[in-house]
Amino acid sequence: MLFTAPEFLLAFLPLTLAGFHLLRKVGRPQLCVAWLFLASTVFYAWWSPRFLILLLVSMLVNWACAHAMAGREGSSRKFLLVLGLTWNLGVLAYFKYADFLISSLDAVSSLDWPLLHIVLPLGISFFTFQKIAYLADIHAGHAKPGPLIDFALFVFFFPQLIAGPIVHHSEVMPQFREMAEKGKHPDYWLDSAVGLTLLLIGLVKKVCIADQLAPYAAKVFDRAGEAHLHIGLLAAWQGALAYSVELYFDFSGYSDMAIGLARMFGVRLPANFDSPHKSSSITEFWQRWHMTLSRFLREYLYIPLGGNRKGALRRYLNLMITMLLGGLWHGAGWTYVAWGGLQGLYLLANHAWRGLSAFRLPKPLAVALTLLAWMAALVVFRASDFSSATNILAGMFGLHGAGTPIAGVKKGTGLIVSAIFLAATVILPNSQQIMRRFAPVIAPVEAPRGPLRSVVWTPSGLTAALSAAAIIAVVLFSWGTTEFLYFQF
């Protein structure tokens, strides 16, 4: 079930909200957690009931490991952590990487093993990382296991079940407990207004921008792998720009919707995007892009590897390993690994330059250079193979001249529209900044700088009516909407 689907917006969400508020109205808030867990299982089962069973079993295994770990010390505690990690990574490896491993072995040997053609459970990459973080925190003593129903909602909570944000148990479990306590009376009307507005912003990003830019990118990337077809300068930049902006609005739109949906139930999630296209270095970019994934990779991979505590060379090695595995996490393919390697090289170059020279580019040039490096790497990320990526990159740098004509590209409409929306991501405040007066996410939100500092949202009857009307319009407009790009990762 997609957040943009009419059955979600016009049936599932209203019914879930009605049941939630009814339980609070009749004085049974202790049942709210169970109600949201039940609704979340329906949400996931809508896509595949058989994978719901897998997720339930995995949840129980992790909960049992956490409780067993809490009562032990020393080697037995570590053994239980390894057991839990092995289970989680084993499930992820089988479903996501088994066919990748087989095809890679077949490519370098004569084994010719048949592919398993395994269907990937929706959201497995996200909820696997979330459970790994939970077990690691229990082992380190940063958390204590709670009731099964709280943990079940932590795993299944439908706003962030499929594609994040990747949350820590300490961020949401206390909110679930407060939800179940009598005497707690948060302003659910304000929460609903804030959440509805964030949902609307996300819907517009996804349906009205990302989905409309997708064909401009597809026209180029789908043709790039054809033999003897050279992608020219205009087509290459249309493909790169359109996909960069499509990916930004698609995933930041999903994150806005997830944060907004959670807020409707009084739950604040962490921010996942903070205007990454305004970054003046690739290091800053990764502090602003997919922030909860960056946090996970830093806390549970980079720092355990040694971080920057063992000298510059070891730091660079740890960065490269982290980004290579981050690339592989995104997809079972060598282009994803190469994309992760490029990010690692960017970070190495950034840190090395800062250590060698005090010279810094002017902010506009630094932002432009960072965006150019990011878009070039995204060509590798999006391309179906390396030859397609090389074809487009060569076109971007003018090596193919005008190239072979591609239908729908010559007029330059896609390039112009993509450039306009790219400029919007660099200039305009983001959704959290617009909503900052009402603390839309867990951490404080800084006001935008410059003349747009005063742009802020205020709830009123008019904004509520406009939001409702806009959502209905988006629903009618979204019958042909596509899945979110990050569903495949």
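The values are calculated or read from the model by the stated rules, or taken from the named source; none is laboratory data. These numbers come from a predicted model, not from an experiment. Because the Cβ atoms are built from the backbone with ideal geometry, glycine has one as well, and the counts that use them run over all protein chains shown. Quick note on the areas: whole protein, heavy atoms, side chains included, nothing else; ligands and nucleic acids left out. Shrake-Rupley method; radii C 1.70, N 1.55, O 1.52, S 1.80 Å.
A count restricted to the range 376-413 and to residues that are open to solvent by less than 70 Å² (accessible area, probe 1.4 Å), on the phi < 0 side of the Ramachandran plot and either at pLDDT below 90 or assigned to a loop (DSSP other than H, G, I, E, B) (or both) stands at 7. Within the range 422-435, the set of residues being open to solvent by 40 Å² or more (accessible area, probe 1.4 Å) and within 19 Å of Asn272 (Cβ to Cβ) comprises Val426, Leu428, Ile434. With a requirement of 2 or more residues that are surrounded by fewer than 14 Cβ atoms within 10 Å (Cβ to Cβ), the helices (runs of 4 or more DSSP H) lying completely within the range 1-108 that satisfy it span 13-25, 49-70, 74-92, 98-108.
For the structure I just gave you, tell me whether Ala443 is of a type in the set (Gly, Ala, Ser) and either farther than 16 Å from Arg223 by Cα or in a helix (DSSP H, G or I) (or both). Yes: the conditions hold for Ala443. Selection of the range 207-236 for residues being in a helix (DSSP H, G or I), of a type in the set (A, V, I, L, M, F, W, C) and free of Cβ contacts under 8 Å to residues at least 12 places away in the same chain yields only Ala218.
Condition first: of a type in the set (Ser, Thr, Tyr) and over 19 Å from Leu372 (Cα atoms). Now tell me which residues in the range 309-344 satisfy that. Across the range 309-344, the qualifying residues are Tyr316, Thr322. Here the range 120-169 is the region considered, the condition is being touching a residue at least 12 places away in the same chain (Cβ under 8 Å) and open to solvent by 40 Å² or more (accessible area, probe 1.4 Å), and the residue that is nearest to Val61 (Cα to Cα) is Leu148.
One line per residue, one yes/no per condition, for (1) closer than 17 Å to Arg382 by Cβ; (2) loosely packed, with under 13 Cβ neighbours inside 10 Å; (3) aromatic (Phe, Trp, Tyr):
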{"site": "Arg315", "(1), (2), (3)": "no, no, no"}
{"site": "Met320", "(1), (2), (3)": "no, no, no"}
{"site": "Trp334", "(1), (2), (3)": "yes, no, yes"}
{"site": "Gln343", "(1), (2), (3)": "yes, no, no"}
{"site": "Ser357", "(1), (2), (3)": "no, yes, no"}
{"site": "Arg360", "(1), (2), (3)": "no, yes, no"}
{"site": "Thr370", "(1), (2), (3)": "no, no, no"}
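Go through the residues of the range 207-225 one by one and say whether even a single one is at pLDDT below 90, open to solvent by 30 Å² or more (accessible area, probe 1.4 Å) and β-branched (Val, Ile, Thr). No, the range 207-225 contains no residue that is at pLDDT below 90, open to solvent by 30 Å² or more (accessible area, probe 1.4 Å) and β-branched (Val, Ile, Thr). Given Gly239, Gly253, Gly260, which one is assigned to a helix (DSSP H, G or I), in contact with a Lys or Arg (Cβ under 7 Å, 6 or more places away or on another chain), crowded, with 17+ Cβ neighbours inside 10 Å and not basic (Lys, Arg)? So the residue among Gly239, Gly253, Gly260 that is assigned to a helix (DSSP H, G or I), in contact with a Lys or Arg (Cβ under 7 Å, 6 or more places away or on another chain), crowded, with 17+ Cβ neighbours inside 10 Å and not basic (Lys, Arg) is Gly253. Tell me which of these Ser103 doesn't satisfy, since it passes every other one: (1) at pLDDT 90 or above; (2) farther than 26 Å from Thr16 by Cβ; (3) not aromatic (Phe, Trp, Tyr). Every listed condition holds for Ser103 apart from (1). Against the condition touching a Cys at 6+ places or on another chain (Cβ under 8 Å) and either of a type in the set (D, E, K, R) or surrounded by fewer than 23 Cβ atoms within 10 Å (Cβ to Cβ) (or both), how does Ala180 come out, does it pass? Yes; evaluated as a whole, the condition is true for this residue.
Among the conditions (1) open to solvent by less than 30 Å² (accessible area, probe 1.4 Å); (2) on the phi < 0 side of the Ramachandran plot; (3) assigned to a loop (DSSP other than H, G, I, E, B); (4) not acidic (Asp, Glu), Gly307 misses just one, which is (2). Residues in the range 54-72 that are of a type in the set (A, V, I, L, M) and more than 15 Å from Ile138 (Cβ to Cβ): Leu54, Leu55, Leu56, Val57, Leu60. The set of residues from the range 322-349 being more than 21 Å from Ser103 (Cα to Cα) and β-branched (Val, Ile, Thr) comprises just one member, Thr322. Residues that are within 27 Å of the chain's Cα centre (by Cα) and free of Cβ contacts under 8 Å to residues at least 12 places away in the same chain within the range 399-426 comprise Ile416, Ile420, Ala423, Ala424, listed in sequence order.
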